[in-house]
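Visitor: Got a structure here, written out as structure tokens. Questions coming.
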Amino acid sequence: LPIVVKAFEMEIIPANKIVAQIGDTLILTCNTTGCASPRFSWRTQMDNPLGGTVNNHRTYSTLTMNPVSIVNSHDYLCTVFCGEKEKKEKSIKVELYSFPSDPIIEISPSLVAGEPVTVICKIPDVYTSYYLEVLLKKEEHVLHEKIFYEHDSTETKTVTYSFNPMAEDMGKEITCLAKLFASEDFEPTERVTAQKLNANFGPQNTIITASPGNSPMEGDSLKLTCVTESNPPPQIVWRKHLADESIHHLIENNVLSIPHAHFTDSGLYICEVINLATNKTEKATVDIVIQDGPKNTMISVVPATAVKEGETVTMKCTSSGNPAPLISWKKKKATGESEKIFEDATLVIHNIKSQDMGLYECEAYNQFGKEEKAVKLLVQVPPQNITVLVHPSENVKEGENVTITCSTYSNPPSQMVLKKVHQEKEIILPSVNGTFILYNVTKNDTGRYLLDVFNEAGNNIKVIDIAVVGRLEKTDQMIPLIIAFSSVTAVAVPVVAILIYVSRKAKINGSYSLVKALRLKV
């Protein structure tokens with residue numbers, strides 16, 4: 001089959017002519033077919049600056065004007081070279097206009113039947129390379145017509161007309177119709193504004209509308225609109241009453257928008273409407289309440305989370321939310337389940353007891369959710385129900401061991417020390433799990449002992465009288481040791497001396513275990 005070779009062609013998009021609004025973005029595209037590697041060139045026919053950015057691609061090129069301005073009002077020429085010899089070019093005419101907003105009508109002074117009135121119509125920021133037509137009408141009757149031709153820059157065009165209105169003219173509409181012809185072969189763009197021939201009045205019947213309502217959920221968007229009747233249109237100022245009774249100025253607009261309502265946006269909003277012509281002011285208010293589930297739930301405990309038995313404890317639970325959360329208290333039982341015990345923010349426990357100790361949970365809830373906080377309450381109980389057992393008894397013979405066992409109930413657990421009364425050098429014995437052992441007692445161990453049982457909540461002292469009489473009917477435990485050591489004749493005497501010294505030392509330190517004393521020395 002024969003290979004079909006496409007001819008080298010080009011086009012500009014849009015073709016021939018375009019009318020663009022100043023401030024918009026305009027993109028001109030120069031496109032080719034039938035050429036593998038085209039080269040592009042853009043210029044204005046008068047070789048003015050392009051006023052845009054050129055981007056060349058493989059088969060097309062773009063000229064981007066962003067934003068379009070008056071300097072872009074030209075004929076633009078795109079030239080395409082294909083190889084060394086082939087060249088094609090096309091042009092496009094760019095015509096501009098500016099017509100961004102509706103006309104503004106001013107009627108002055110305040111209307112009184114029979115007195116002259118001046119109507120001023122302003123068309124802001126207008127530009128056209130063709131012409132602008134402005135009509136002033138009363139109802140359907142044309143009062144005045146004016147045409148503005150080519151412009152050098154954007155400017156506000158003003159049309160003024162004065163006449164004597166009659167009483168029957170009151171309430172009739174004055175209309176300003178502006179027609180902008182951007183080019184001879186384009187349809188004109190129209191903008192119109194109307195205002196009634198009325199005397200200045202208001203503001204009156206001012207109200208605030210809230211969307212979606214006065215009580216949106218947190219996170220919702222909220223729009224407050226201030227609606228009033230006033231001529232001329234009034235100034236509108238929004239304010240808000242703050243918690244400290246001060247008033248915070250917000251914006252000067254008829255609509256107050258809050259994209260994401262927060263709990264702190266709740267409050268009294270004030271719309272103040274001011275008519276400078278009548279020198280009158282009117283206010284409207286709306287109370288906005290942002291709804292939300294409980295948040296920032298906290299527990300405070302007075303005097304503390306650890307108290308002594310018999311004290312009064314006040315636990316207060318606070319939570320923010322709207323509507324105001326209800327508060328209930330639960331206590332965790334030994335089974336791990338929670339039992340509801342009270343419904344109010346403040347839980348007071350008088351004359352607290354050990355059974356009141358445990359984990360307390362505060363639950364804050366409303367129809368939008370719930371939040372829980374917990375606190376652990378500790379009740380400190382001084383030592384009580386103390387039981388002291390002396391084994392074998394309080395009357396023992398020399399050489400016996402005396403075991404003193406103490407048990408008690410307290411919280412936190414008690415510490416115990418044993419002291420001997422009227423001792424020249426005080427001996428204090430600590431307990432091991434509530435047990436004291438006096439080893440190999442002698443008559444010197446006879447006397448009164450004080451057992452001090454204590455914790456952070458208090459202490460209790462028990463008195464124990466121990467009497468040591470006679471010796472046990474068995475061989476003295478010291479003799480075998482002495483005999484054993486004396487068989488080594490060279491050191492017999494020094495060893496006996498050491499044993500006597502150690503024995504005395506053991507008693508001074510309050511240790512009644514000879515074996516332990518020897519271990520310390522050796």
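The values are calculated or read from the model by the stated rules, or taken from the named source; none is laboratory data. The shown structure was predicted, so the numbers you read here are calculated from the model rather than taken from an experiment. All Cβ positions, glycine included, derive from the backbone under ideal geometry; neighbour counts span all protein chains shown. Accessible surface areas use protein heavy atoms only, side chains included; no ligands, DNA or RNA. Shrake-Rupley method; radii C 1.70, N 1.55, O 1.52, S 1.80 Å.
Visitor: Give me the distance in nm between label points sitting 7 Å out from Cα along the Cα-to-Cβ direction at Lys223 and Leu326, one decimal.
Guide: That separation, rounded to one decimal, is 3.7 nm.
Visitor: Roughly how many nanometres apart are two label points built 7 Å out from the Cα toward the Cβ at Asp287 and Asp344?
Guide: 2.6
Visitor: For Cα pairs less than 8 Å apart in space and 6+ apart in sequence, what is the mean separation divided by the residue count of the chain, i.e. the relative contact order in percent?
Guide: 7
Visitor: What is the extension gain from Thr405 to Lys172, computed as 0.36 nm multiplied by their sequence separation minus the C-alpha to C-alpha distance, in nm to one decimal?
Guide: 72.8 nm
Visitor: How much mean residue ellipticity at 222 nm does the chain get from its helices, if each DSSP H run of length 4 or more adds -39500 (n - 2.57) and you divide by all residues, to the nearest 500 deg cm²/dmol?
Guide: -2000 deg cm²/dmol
Visitor: Please compute the length gained on full extension between Glu190 and Leu450, using 0.36 nm multiplied by the number of residues separating them and subtracting their Cα-Cα distance.
Guide: Length gained, Glu190 through Leu450: 82.6 nm.
Visitor: Could you tell me the calculated FRET efficiency between Glu86 and Glu145, based on Cβ-Cβ distance and R0 = 60 angstrom, to the nearest 0.05?
Guide: Efficiency at R0 = 60 Å is approximately 0.65.
Visitor: Rank Ile236, Asn279, Ala210 by how far each Cα sits towards the positive end of the charge dipole of segment 210-290 (+1 on Lys, Arg Cβ; -1 on Asp, Glu Cβ) and give me just the farthest.
Guide: In segment 210-290, that residue is Asn279.
Visitor: Considering amide H positions built from the backbone, and no H for Pro or chain starts, which residues 5 or more places from Glu398, or on another chain, come under 5 Å of its amide H?
Guide: Here Val469, Gly470, Arg471, Leu472 satisfy the definition.
Visitor: Shifting gears a bit: Heavy-atom accessible area per residue, the chain, 1.4 Å probe: how many Å²?
Guide: Details: 29800 Å² over 522 residues.
It amounts to 57 Å² per residue over the chain.
Visitor: Summing +1 for each Lys or Arg and -1 for each Asp or Glu, what net charge is found among the other residues whose Cβ lies under 10 Å from the Cβ of Ala261?
Guide: -4
Visitor: For Ile147, Ile352, what's the largest-to-smallest order of accessible area, 1.4 Å probe? Display every interim value, and only then the final one.
Guide: Numbers: Ile147 70, Ile352 0 Å².
The residues order as Ile147, Ile352, largest area first.
Visitor: Express the relative contact order of segment 293-377 as a whole percentage, based on alpha carbon pairs under 8 Å and six or more residues apart in sequence. Kindly include the intermediate steps, with their values, before the conclusion.
Guide: Numbers: 195 pairs, mean separation 30.6, N = 85.
Relative contact order for segment 293-377 comes out at 36 percent.
Visitor: Of Ile120, Ser183, Ile147, which is farthest on the positive side of the dipole of segment 104-199, counting Cα position, with +1 on Lys and Arg Cβ, -1 on Asp and Glu Cβ, and the Cα centre as origin?
Guide: Ile120
Visitor: Points 7 angstrom from Cα along the Cβ direction at Phe201 and Asp152: gap in nanometres?
Guide: 4.8
Visitor: What figure in square angstrom, to the nearest 10, would you give for the accessible area of Cys406 with a 1.4 Å probe?
Guide: So the heavy atoms of Cys406 present about 10 Å² to solvent.
Visitor: Now for a different question. Report the charge-dipole magnitude of segment 283-415 in Debye, nearest 20, computed about the Cα centre from +1 at each Lys and Arg Cβ and -1 at each Asp and Glu Cβ.
Guide: Its charge dipole is roughly 340 debye.
Visitor: Is there a quick way to get the dipole size of segment 104-199? I mean about its Cα centre, with the Cβ of Lys and Arg at +1 and of Asp and Glu at -1; what is the value in debye to the nearest 20?
Guide: The calculation lands at about 360 debye.
Visitor: Quantify, in whole percent, the carbon and sulfur part of the accessible surface of the chain (1.4 Å probe; protein heavy atoms only).
Guide: 52
Visitor: What helices does the chain hold that run 18 Å or longer along their axis, going by alpha-carbon atoms, with a Kyte-Doolittle average of -0.5 or more, using DSSP H for the helix calls?
Guide: 492-508
Visitor: For the charge dipole of the chain, defined by +1 on Lys and Arg C-beta atoms and -1 on Asp and Glu C-beta atoms about the Cα centroid, which residue among Leu250, Pro382, Thr408 has the Cα displaced farthest towards the positive pole?
Guide: It is Thr408, whose Cα lies furthest towards the positive end.
Visitor: Something else about it: How high is the relative contact order of segment 154-204? Use alpha-carbon pairs under 8 Å, at least six apart in sequence, and give a whole percent.
Guide: Relative CO of segment 154-204 lands at 34 percent.
Visitor: What's the local net charge at Glu133, with K and R +1, D and E -1, over the other residues with C-beta under 10 Å away?
Guide: That sum, taken over residues with Cβ under 10 Å, equals 0.
Visitor: With charges only on Cβ, +1 for K and R and -1 for D and E, what is the dipole size of segment 381-466 about its Cα centre, in debye, rounded to 20?
Guide: With only Lys, Arg, Asp and Glu charged at Cβ, the dipole is about 40 debye.
Visitor: While we're on this one: What full-extension length gain, to one decimal in nm, is calculated for Asn385 and Lys308 as 0.36 nm per residue of separation minus the Cα-Cα distance?
Guide: My answer for the length gained is 26.0 nm.
Visitor: What percent of all Cα-Cα pairs in the chain falls into each 20 Å bin, going from 0 up to the bin containing the maximum distance?
Guide: Calculated over all Cα pairs of the chain, the distribution is 14, 19, 18, 15, 12, 12, 8, 0 percent.
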